[in-house]
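The values are calculated or read from the model by the stated rules, or taken from the named source; none is laboratory data. Note that this is a predicted model, so its numbers are computed, not measured. Backbone-built Cβ (ideal geometry, glycine too); neighbour counts: all protein chains shown.
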Amino acid sequence: MIALELWDLLVNGRVLWETMQEPEFPETLCRTIAALRRGQGETRSEGRVPGVIAGFDSLYVAGGRSREPQIRSGLEILGLPIAFSQTPDFPGEIGGHRLLAGFASATGWLCDLGQTSFKICTKGARMQFRRDLQRLPVRADGPGESVPEQRRQLRNWLSESLGTFLYQAAEPDAILFAMPSRLDDEAVPEGSSYIGMAGDGSLIADAIMAAGMTPRRKLVMNDAELAALDAVAEAALQRCAKTLVITLGFGLGAALAIRTPTKGSRHA
């Protein structure tokens, strides 16, 4: 799996994210995906998209907006095998639990820190905590933003939420966090709409400790990569070699799921 930064793809002088609330967004998204399949596209932050994207032969779509009929019908025009998440509000829930089970976890928690809410689930319980935009405003990179204070507020919110969930679920011996940001090789986030998240390598460990939990194993990954775990397991896409994974919610996340070729596989 390869995490991709596609939210700031250049589209007619703007970035793709800026078009998401417009009526024409389904058409814009469709054109953008078709261009990516041809190996075309440039992001504002990183230049040309990675060449490995070219020639993907299928599409997996997750996130709350993946339910929208206009988006679904627009993507069908692409003529590619498409699968939509069975758990659109918690992309990667199925694959995440499978990953936790692979670590012989008797009690695993799956946590998804999104741009609008923080979600926690086990196989038997789930809770969603909405982001308070007064307490945790959307990053604007302005002079009035206090990084230390916002880092403190984010830690407090996460630890409070974890503590609340602990009242109805057994303490986990493994916990998997999905982050709304690409991560470097040390699992340090590169940034998101949360002020101060970029470079905050101890955020998750601090929040877990503040909640009074001591899981044996802590895993952190990009949220689109977590959704890609579901894409890899999706029965309808098993014969596809390379799947572009798109998550649509407050923003747009992306990853590329590449399967090891097997006899009878479809190749781009």
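Within region 12-19, is there a residue that is in a helix (DSSP H, G or I), farther than 30 Å from Ala174 by Cβ and either touching a residue at least 12 places away in the same chain (Cβ under 8 Å) or among the aliphatic types (A, V, I, L, M) (or both)? Among the residues of region 12-19, at least one is in a helix (DSSP H, G or I), farther than 30 Å from Ala174 by Cβ and either touching a residue at least 12 places away in the same chain (Cβ under 8 Å) or among the aliphatic types (A, V, I, L, M) (or both), which makes the answer yes. In region 25-43, is there at least one residue being in contact with an Asp or Glu (Cβ under 7 Å, 6 or more places away or on another chain) and of a type in the set (Val, Ile, Thr)? Within region 25-43, one or more residues are in contact with an Asp or Glu (Cβ under 7 Å, 6 or more places away or on another chain) and of a type in the set (Val, Ile, Thr). Flag not set for Leu59, criterion: under 24 Å from Lys242 (Cα atoms), of a type in the set (A, V, I, L, M, F, W, C) and either outside the structural domain of Ala231 (by TED's automatic domain parsing) or part of a loop (DSSP other than H, G, I, E, B) (or both). Taking region 134-170, which residues are part of a loop (DSSP other than H, G, I, E, B) and not charged (D, E, K, R)? The answer is Gln134, Leu136, Pro137, Ala140, Gly142, Pro143, Gly144, Ser146, Tyr167, Gln168, Ala169, Ala170.
To keep it simple, each residue is scored yes or no on (1) among the β-branched types (Val, Ile, Thr); (2) assigned to a helix (DSSP H, G or I); (3) within 27 Å of Asp112 (Cα to Cα).
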| residue | (1), (2), (3) |
| --- | --- |
| Gln21 | no, no, yes |
| Arg31 | no, yes, no |
| Ser45 | no, no, yes |
| Gly55 | no, no, no |
| Ile71 | yes, yes, yes |
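Sub-8 Å Cβ pairs linking a first residue in region 155-179 that is closer than 21 Å to Ser192 by Cα and without any contact (Cβ under 8 Å) to a residue 40 or more places away in the chain to a second residue that is in a helix (DSSP H, G or I) and among the aromatic types (Phe, Trp, Tyr), at least 6 apart or interchain, number zero.
Being of a type in the set (D, E, K, R) and free of Cβ contacts under 8 Å to residues at least 40 places away in the same chain holds for only one residue in Asp200, Asp230, Asp132, and it is Asp132.
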